[in-house]
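Visitor: Let me begin by handing over the structure; questions about it come next.
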Number of protein chains: 2
Amino acid sequence: MSIRLGIMGYGNLGRGVECAVKQNPDMELKAVFTRRDPGSLRLLDPSVPVISASEAGKMADEIDVLILCGGSATDLPEQSPKYASVFNIVDSFDTHANIPQHFEKVDMAARAAGKTAVISAGWDPGMFSVNRAYASAILADGADYTFWGRGVSQGHSDAIRRIEGVADARQYTVPIDAAVESVSSGERPVLTARQKHTRECYVVAKEGADIERIEREIKTMPNYFADYDTTVHFISAEEMKRDHSGMPHGGSVIRTGSTGINGENTHVIKYSLKLDSNPEFTSCILVAVARAAWKLHNEGKTGCHTMLDIPPAYMSALSPEELRRSLL
Amino acid sequence: MSIRLGIMGYGNLGRGVECAVKQNPDMELKAVFTRRDPGSLRLLDPSVPVISASEAGKMADEIDVLILCGGSATDLPEQSPKYASVFNIVDSFDTHANIPQHFEKVDMAARAAGKTAVISAGWDPGMFSVNRAYASAILADGADYTFWGRGVSQGHSDAIRRIEGVADARQYTVPIDAAVESVSSGERPVLTARQKHTRECYVVAKEGADIERIEREIKTMPNYFADYDTTVHFISAEEMKRDHSGMPHGGSVIRTGSTGINGENTHVIKYSLKLDSNPEFTSCILVAVARAAWKLHNEGKTGCHTMLDIPPAYMSALSPEELRRSLL
């Protein structure tokens, strides 16, 4: 019997989940829930029912795992605990600093209801976290480095859009080759933010806007840009649409460490991603994690989990025997 | 209280485990067991007792996990089931084709004794398997590639040493850059063995040996060399000692796959290792897996496991709370 999934929220991530389910024959999409008018949504597969979020509870018996596809700023802090008391859930909560608090809230709700939750699934947090955990467990004497990009940062793009006179903006986070090469070679440099990444901004200015002021406001913005070498390119709305409508991303997690009686041997562990579509890749992870959540639930493992708590085999559609035979 | 480890077999791997334990303050080495004369072994830490393998059973209550550091050809098929009925064990059994059968034997022994075993820990099988499992679960529509090297293959070196007239030999497996680049770019080429790796051989010939015959025998050896572009270099015993006494290795596991409604987006997941010392790195993994085995045992999870069955967090010395806070 296939695993019956629901999607809560039909933006880029929700659409990505719909696509990913089609690539996994052991999965079935039972419903998409939305806070918008259900009639206004056009799914890729029109045979899947679209239901108002307020009616979701009525589907509790027909959905094995609900994948929450909302944002971390306002949607998930409220939705994840709420739905974890009705469904097994998976979310992609990615505000790193607030994960412990989010975990506690979801854990309490899921435990009370006998449900299973997995939070912060995706690639960072998610697969990057998993790789940081493995690498630091293996190389006890070592140092970790994470590089992001080249890719679009939604948060930084939004920050530029809030500046007066900006009609649209796209920000690329770009890792600095020399830093990646130094770390990949086994050195353990101490790197500032500026030495690890640059920031490339593409901005459409409103007619008559003071572009010198906009550029200055971007480059001096604390936290977002002031600590980086930032370049600003003013382009037309047409160029923005033509050249910057994709959502590529990626990055790498690198740990270097030493072994031997005098630390004489150096090792480099590197995990890297090159993604044409950040939301579609994240969606694929959410679907594999939903499979794991269902296995955990069937073992009676209720409460909140993260990908660090999930055996790799649980994410696979293959049986343990097949995995041992085919890819161990 | 620290986890009390034993080492069975004190070769390169056993010495690596002794080094690795020193880097992990939650671990303690209680004894080294050997089939040789215990008095003939010189440990890095002379305060650790060396005990005859035949006496190992007497230490059952003093060792939480026994790490088996023997070879896959003859040691582990006999030792792993035998010791799994007395100790919690970890081994690095790496004869891929025989893993299912080894698993069954160890599982039966461990279950009957209420012990926990983890087999085939290391990097391949091991971390490479873990990465194949994650990547194939995430990118359902994709293709896997594994490249090994540049590194010393013990099996291929041994095969050359068995040729008449060969005094010593070292074989390096070398991945072909063009193939790695093609795969890393997101293409899905179909590659023969010859298109993925070359084989570089360094040979010390005995005095008066027919080096043309040796070179021909190497290059035409079925399974080992005939399907590859192989180069043979004859060197002196001094050069062998000076330039080829290290045991570097590494490689990469790459999966490329497509997502989107028409498979229009391509993604590349790549895990790669660059190791100065293959046995020392493998030893570090064995120690982290021993930690996981002890956690599994304390949860009542007896029988045989592989790294595919182990949550990443179990390999870490950090608590789940610390992991969520510091590296999720």
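Visitor: Can we say A:Glu200 is free of Cβ contacts under 8 Å to residues at least 12 places away in the same chain and not polar (S, T, N, Q)?
Guide: The answer is no for A:Glu200.
Visitor: Where in the range B:228-328 are the strands (runs of 3 or more DSSP E), entirely inside, with at least 3 residues that are more than 17 Å from the chain's Cα centre (by Cα) and within 30 Å of B:Asp210 (Cα to Cα)?
Guide: B:229-234
Visitor: Further, regarding this structure: Of everything in the range B:1-60, what is part of a loop (DSSP other than H, G, I, E, B), within 21 Å of the chain's Cα centre (by Cα) and small (Gly, Ala, Ser)? Give them in sequence order.
Guide: B:Gly9, B:Gly11
Visitor: Within the range A:257-278, restricting attention to residues that are more than 7 Å from chain B (Cβ to nearest Cβ) and surrounded by fewer than 24 Cβ atoms within 10 Å (Cβ to Cβ), which residue is nearest to A:Met27 (Cα to Cα)?
Guide: Looking at the filtered set, the residue picked out is A:Ser258.
Visitor: Those residues that are among the β-branched types (Val, Ile, Thr) and farther than 26 Å from B:Ala140 by Cα, I need them from the range B:228-263; list them, please.
Guide: Matches in the range B:228-263: B:Thr230, B:Thr231, B:Val232, B:Ile235.
Visitor: Here are some residues: B:Gly16, B:Gly11. Which one is small (Gly, Ala, Ser) and more than 14 Å from chain A (Cβ to nearest Cβ)?
Guide: The unique qualifying residue is B:Gly11.
Visitor: Condition (residue is out of contact with any Phe, Trp or Tyr (no Cβ under 9 Å at 6 or more places or on another chain), buried (at least 21 other Cβ atoms within 10 Å of the Cβ) and more than 26 Å from B:Arg291 (Cα to Cα)) applied to the range A:97-107: is it met by at least one residue?
Guide: There is no residue in the range A:97-107 that is out of contact with any Phe, Trp or Tyr (no Cβ under 9 Å at 6 or more places or on another chain), buried (at least 21 other Cβ atoms within 10 Å of the Cβ) and more than 26 Å from B:Arg291 (Cα to Cα).
Visitor: For a quick check of your reading: which helices (runs of 4 or more DSSP H) sit entirely within the range A:125-223 and have at least 2 residues that are within 14 Å of another protein chain (Cβ to nearest Cβ)?
Guide: Those helices (runs of 4 or more DSSP H) span A:127-138, A:177-184.
Visitor: Still on this structure, please answer the following. Under 8 Å between Cβ atoms, at least 6 apart or on separate chains: pull out the pairs that start in the range B:43-64 with a residue that is within 14 Å of chain A (Cβ to nearest Cβ) and end on any residue that is surrounded by fewer than 12 Cβ atoms within 10 Å (Cβ to Cβ).
Guide: Qualifying pairs under 8 Å: none.
Visitor: Among (1) more than 8 Å from every other protein chain (Cβ to nearest Cβ); (2) within 30 Å of A:Arg150 (Cα to Cα); (3) at pLDDT 95 or above, which single condition is B:Ala237 missing?
Guide: Among (1) more than 8 Å from every other protein chain (Cβ to nearest Cβ); (2) within 30 Å of A:Arg150 (Cα to Cα); (3) at pLDDT 95 or above, the lone unmet condition for B:Ala237 is (2).
Visitor: Can you work out which of the residues in the range A:279-328 that are polar (S, T, N, Q) and out of contact with any helix residue (DSSP H, G or I) (no Cβ under 8 Å at 6 or more places or on another chain) is farthest from the other protein chains (Cβ to nearest Cβ)?
Guide: Looking at the filtered set, the residue picked out is A:Asn298.
Visitor: Sticking with this one: Return yes when B:Asp309 is within 15 Å of A:Gly257 (Cβ to Cβ) and charged (D, E, K, R) and no when it is not.
Guide: no
Visitor: Out of the range A:87-124, which residues are within 12 Å of chain B (Cβ to nearest Cβ), farther than 20 Å from A:Ile67 by Cβ and of a type in the set (A, V, I, L, M, F, W, C)?
Guide: A:Ala97 - this is the single residue of the range A:87-124 that is within 12 Å of chain B (Cβ to nearest Cβ), farther than 20 Å from A:Ile67 by Cβ and of a type in the set (A, V, I, L, M, F, W, C).
Visitor: Then there is this: Let me confirm something: among B:Gly114, B:Gly122, which residue is at pLDDT 95 or above and farther than 30 Å from A:Ala288 by Cα?
Guide: B:Gly114
The values are calculated or read from the model by the stated rules, or taken from the named source; none is laboratory data. Keep in mind that what you see is a predicted model, and the values were worked out from it rather than measured. Glycine gets a Cβ as well: all are built from the backbone with ideal geometry, and neighbour counts include every protein chain shown.
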